[in-house]
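Let me begin by presenting the structure, written as structure tokens, before commenting on it.
Bear in mind these aren't lab numbers, they're just calculated from the coordinates by the rules spelled out. Keep in mind that this is a model prediction, so the values were computed, not measured. Here the Cβ positions follow ideal geometry from the backbone for every residue, glycine too, while neighbour counts run over all protein chains shown.
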Amino acid sequence: MGLYMDRSLFMDRHGDNTLSCLPLSSSSFVKSTIRQIYDSRASDCVSSLLRSSDHWINLNSRELDRVDCTALCFTLQHCHQVKVNLLWTSIPPGEIESILPLLDRVSQLRSLHYRLDFSCSSSVDLSAQDQEEALCLITDHCRAITSVLKQNQHSTQLVQNQVQIILRDCEVEDRALRELLPILHIVKLSPSKALLRQLLDLVCEGIEEGVLRHAESLCRALDGELDLSETRLDQKACGSLALVLEHSEGLSELDLSHCQLTDHHLQALITHLHKVQVLELFNNRIQDRRPFLTDKRFEIW
């Protein structure tokens, strides 16, 4: 029984389907098969592969090169509602960006134990360590992420395992970041401080009802901890932070140390700072401590 690299890719010499006899649970087999499908451009064989694998594309613990990633994209382009396993899969620099827009075709995604890590400095090898330029997520990327998570938000896996989106050491356009707002309530977010500032401004756009919803979702996604230490905050940023505090249930911790805050900046924040359990304000330019001394809701230590 042999495999032939033509339109009868998965047929034996008698015309019978060979897929039922093959080790489809093997990620090495799947990697090799989608590569062969791509090399022969046998798009009609994708459905046969998926039917025999219960619609799973299993690439668990595989190291993919650029052609493998192109083969994966080719496969995804010719299927719908497929399930993809990318647990501990190594993907080369730049290829994540080509895969992301196709995630709307994925009905279930297993990726790095419910971690979507787009940070070039991460210990998880989603991209090469010698990558010089940070990954830049555009609108299509974030829209695909949102689409997949919204489709699966009620699945047992996501109910029991909150997805963590890590956005350190990467760039996200404002329009792209706005696409993530509707899923903040179902994810755990680990952004860089620069992206956190962007998020604060975006959350405060629009009507009051939207601000309330997004402010609550952002605080929940950050697990109640907001670290803006060593980040220079202007009056606009302080106003955005004040709105988030006003429309949220509060924070367990807010770190505003080394932010070059002045008494003027504090005027926008002081009304809502009592909603923070642990507030760090050291190494700023605040001269007037009376608001904290006279308000019994604050305890200085």
For this session: Report the extension gain between Q260 and R175 in nm, rounded to one decimal, defined as 0.36 nm multiplied by the number of residues separating them, less their alpha carbon distance.
Result: 27.7 nm
Exercise. Roughly how many debye, to the nearest 20, is the charge dipole of the stretch 196-300 about its Cα centre, given +1 on each Lys and Arg Cβ, -1 on each Asp and Glu Cβ, and no other charges?
Worked result: 320
Problem set entry | Sites F29 and E225, calculated FRET efficiency, Cβ-Cβ separation with R0 41 Å, nearest 0.05 | 0.40
Exercise. According to the Cα gyration tensor, what semi-axes, each the square root of 5 times an eigenvalue, does the equivalent ellipsoid of the stretch 178-251 have, listed from largest to smallest in whole Å?
Worked result: 17, 14, 11
Exercise. Whole-Hz Karplus ³J(HN,Hα) for the stretch 182-189, in order, using 6.51 cos²θ - 1.76 cosθ + 1.60 and θ = phi - 60°, x for Gly and Pro?
Worked result: x, 10, 4, 6, 10, 10, 9, 10
For this session: Please give the contour-minus-distance gain from E246 to D288: 0.36 nm per residue of separation, less the Cα-Cα distance, rounded to one decimal in nm.
Result: 12.9 nm
Problem set entry | Approximate shape of the stretch 196-300 as ellipsoid semi-axes (Cα gyration tensor, √5λ), whole Å, largest first | 22, 15, 13
Problem set entry | Efficiency of FRET between A194 and S155 - r from beta-carbon atoms, R0 35 angstrom, step 0.05 | 0.60
Exercise. So if R0 is 51 Å, what FRET efficiency would I270 and W88 give, r being the distance between their Cβ atoms, rounded to the nearest 0.05?
Worked result: 0.60
For this session: Treat every Asp and Glu Cβ in the stretch 39-82 as -1 and every Lys and Arg Cβ as +1, leave all other atoms uncharged, and give the resulting dipole magnitude about the Cα centre to the nearest 20 debye.
Result: 100
Problem set entry | Global size of the stretch 251-296 as Cα Rg and Dmax, reported in angstrom | 10.1, 25
Exercise. Straight-line reach from K83: which lysines have Cα under 23 Å away, leaving out those fewer than 8 places along the same chain?
Worked result: K31, K150, K188
